[in-house]
Amino acid sequence: MTIPLTQVRTEETLNELRERTALASKFAWYMVSGITSMVFREKGEAALNEIWRRLLSSEQKERFLEALDKLEIAGNPPAVTAALYHYFSNAIGGLNMQVVVESPKKAWIRYMAPWGSYPGMAALTVPPSVRRTILSTWHPRNGEFLNCPRLGWVATKFVAEGHPYDEGYFFEYDHDLRPEERFRVEHVEHSPEFIPEKTPKLNPQTWPEARILKGGYNYSVDYVRHVISIVYSLFGAYESCNIITKAMRLLGAQFTGELANATGHKGTDPKSIADMFGAIFAAFRNPVQITAQDDTATLTLSRLVPFTSEADPELRAAVFEFFIMAVRQRNGHLSITRSFDEAALSERWIIKDEGEWLW
């Protein structure tokens, strides 16, 4: 795949949109998974749970009510509305979901493996408490946001505890619930079958494929920005930069080859590596220009390193560590330097072949 590098196009073909959003989502979820995994490694299980608790709380405040009208589900009973929200929104975000509306007062949802976060073997290292945190932070508060104090959430299965999927149901009781009653865990061995043909669908007129792809892109980008901001607020400048630096270095070492294949830029010369970086930034709608001369390639971003809204330049430098590692991983003869112009909100990266092994 080759994405235009001199500018981000305002008009895309559907196939270009598919490729761009797929690359952006891949890189974004690597960042979310890598940074939160590094929090677990460096700070422990309690800190990882706190990250996810804050992350989901912030996402809910920004997304939930506004999305009900966009998804055209606001007129349903509360339990059905809540289930359809999670089904549609997470499916748009790229997760494999199932939903079963058992009655107007009871609706099931399932998050099918594999997880969007913690891909591959990483899922085996995540403490079971994290999935319980994830499924007990947002879901029980839906009744509060829907002005239905009778609505509760019951979690019935967890992948991390040996089940085939994460599962639960929303239930509207015949009495108001106290806050501590809105969530409970109840193991259910047999639950209703998901039948795709009977499942509610998004309106294809208001939700064509292009809108779904753009929604999935926004979903992944929001999670990256939020997780970096939460890490920064929890641990402060020094510790958050240390965590993100380590995460980005390991992501660079582990996934640069895969990203080179995904972008179509598999060469190890300065221009090819700059083109790979340019494709990643273009996937995030970040305008970029690339020039090459002799053994040097220059990449100019018209905005600063994306993925974070924090102003701290040290935090942006921590994110840049991915690209330092990627250059070293691809070619030990190459160096990369970065300079930026705060007034112009631009960056310039120079990748140069030094003519000798540097490491």
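The values are calculated or read from the model by the stated rules, or taken from the named source; none is laboratory data. As the structure is a computational prediction, the values presented were derived from the model and not from experiment. Counting neighbours? That spans all protein chains shown, and the Cβs are built from the backbone with ideal geometry, glycine included. Note: areas computed on protein heavy atoms with side chains; ligands, DNA, RNA excluded. Shrake-Rupley method; radii C 1.70, N 1.55, O 1.52, S 1.80 Å.
Scanning segment 235-255 for residues that are open to solvent by less than 20 Å² (accessible area, probe 1.4 Å) and aromatic (Phe, Trp, Tyr) turns up nothing.
Only residues that are of a type in the set (Phe, Trp, Tyr), touching a Pro at 6+ places or on another chain (Cβ under 7 Å) and assigned to a loop (DSSP other than H, G, I, E, B) were counted across segment 99-117, and they come to 0. Residue pairs whose Cβ atoms lie under 7 Å apart, separated by 6 or more positions or on different chains, with the first residue in segment 83-112 and free of Cβ contacts under 8 Å to residues at least 24 places away in the same chain and the second basic (Lys, Arg), are Met97/Arg110. Return yes when Asn147 is under 17 Å from Glu59 (Cα atoms), open to solvent by 40 Å² or more (accessible area, probe 1.4 Å) and free of Cβ contacts under 8 Å to residues at least 12 places away in the same chain and no when it is not. Taking the combined requirement at face value, the residue does not satisfy it. Restricting the first member to segment 287-300 and to residues that are free of Cβ contacts under 8 Å to residues at least 24 places away in the same chain, and the second to residues that are surrounded by 15 or more Cβ atoms within 10 Å (Cβ to Cβ) and assigned to a strand (DSSP E or B), the beta-carbon pairs closer than 6 Å and six or more apart or on different chains are Thr291/Thr298. Applying the criterion of at least 3 residues that are out of contact with any Gly (no Cβ under 9 Å at 6 or more places or on another chain) and not polar (S, T, N, Q) to the strands (runs of 3 or more DSSP E) found wholly in segment 118-194 leaves 165-172.
Of Pro208, Pro192, Pro196, Pro204, all but one fail to be open to solvent by less than 40 Å² (accessible area, probe 1.4 Å) and out of contact with any Pro (no Cβ under 8 Å at 6 or more places or on another chain); the exception is Pro192.
For Tyr217, the stated conditions hold: it is surrounded by 17 or more Cβ atoms within 10 Å (Cβ to Cβ) and either at negative phi or part of a helix (DSSP H, G or I) (or both). Inspect segment 256-269 for any residue being open to solvent by less than 20 Å² (accessible area, probe 1.4 Å), under 20 Å from Met38 (Cα atoms) and either touching a Ser or Thr at 6+ places or on another chain (Cβ under 8 Å) or of a type in the set (Gly, Ala, Ser) (or both) and give the result as yes or no. For segment 256-269, residues open to solvent by less than 20 Å² (accessible area, probe 1.4 Å), under 20 Å from Met38 (Cα atoms) and either touching a Ser or Thr at 6+ places or on another chain (Cβ under 8 Å) or of a type in the set (Gly, Ala, Ser) (or both): absent. Taken over segment 220-234, the residue count meeting the criterion of being open to solvent by 60 Å² or more (accessible area, probe 1.4 Å) and among the hydroxyl-bearing types (Ser, Thr, Tyr) is 1. Scanning segment 300-324 for residues being modelled with pLDDT of 95 or more and either open to solvent by less than 50 Å² (accessible area, probe 1.4 Å) or over 28 Å from the mean Cα position of the chain (by Cα) (or both) gives a total of 3.
This table checks each residue for (1) closer than 16 Å to Thr256 by Cβ; (2) touching a His at 6+ places or on another chain (Cβ under 8 Å).
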site: Glu314; (1), (2): no, no
site: Ala317; (1), (2): no, no
site: Glu321; (1), (2): yes, no
site: Met325; (1), (2): yes, no
site: Ile336; (1), (2): yes, no
site: Ser339; (1), (2): no, no
site: Ser346; (1), (2): no, no
site: Ile350; (1), (2): no, no
site: Leu358; (1), (2): no, yes
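Tell me which of these Ala74 doesn't satisfy, since it passes every other one: (1) in contact with a helix residue (DSSP H, G or I) (Cβ under 8 Å, 6 or more places away or on another chain); (2) touching a residue at least 24 places away in the same chain (Cβ under 8 Å). Every condition holds for Ala74 apart from (2). Just one of (1) in contact with a Leu (Cβ under 9 Å, 6 or more places away or on another chain); (2) closer than 24 Å to Tyr217 by Cα; (3) at pLDDT 95 or above fails for Pro270. It is (2). If you check Ser58, Ser37 for being open to solvent by 10 Å² or more (accessible area, probe 1.4 Å), outside any loop (DSSP other than H, G, I, E, B) and under 20 Å from Tyr217 (Cα atoms), only one passes: Ser58. Test Val288 against the stated conditions and say whether it is within 25 Å of Glu11 (Cα to Cα) and either among the polar types (S, T, N, Q) or at pLDDT below 95 (or both). Judged against the criteria, Val288 is a match.
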